[in-house]
Amino acid sequence: MEMLQIIEQYGVPIAVAIAFGFFIWKQNKFIQDTLMQELDESFGRLEAIIIKLIDAQKVALMELKATKAMLDTMIKINEANKKSCKECGRELDG
């Protein structure tokens with residue numbers, strides 16, 4: 001059917017309702033196809049960023065633990081030096 005036949009047979013309001021229905025259908029199809037695909041791609045990029053951030057956090061925590069272990073070792077060495085200096089009667093400068 002042509003548009004003029006629909007208008008003649010059913011009237012302008014029905015023809016406008018059909019046109020709006022077609023527009024809504026096309027818009028929903030666009031949203032479901034194109035925009036959802038773009039959102040999925042964007043989500044994939046964000047997921048990769050989050051994974052890299054978690055990995056960086058793990059590396060930072062391991063470095064922090066290593067630094068803390070070195071500090072604890074240095075404190076123990078310093079205490080042992082102080083103890084040995086007291087036993088021999090010398091004073092420690094640091």
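Read-outs: derived from the displayed coordinates by stated rules, not from any lab. Small disclaimer: the values here were computed from a predicted structure and weren't measured. Positions of Cβ are backbone-derived with ideal geometry, glycine not excepted, and every protein chain shown enters the neighbour counts.
Numbers at a glance
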item	result
Rg to Rh, two decimals, where the chain supplies the alpha carbon set and Rh follows Kirkwood	1.79
At most 13 other Cβ within 10 Å, DSSP loop - GluC sites (Glu not before Pro), the chain	GLU2, GLU91
Rounded tilt (10° steps) of 36-88 against the dominant C-alpha axis of the chain	10
Degrees between helix 12-30 axis and first principal axis of the chain (Cα, 0 to 90, nearest 10)	30
In the chain, lysine pairs with alpha-carbon atoms under 25 angstrom apart (chain gap of 8 or more, or interchain)	8
Local electrostatic count, THR34, Cβ distance below 13 Å [Lys/Arg +1, Asp/Glu -1]	-2
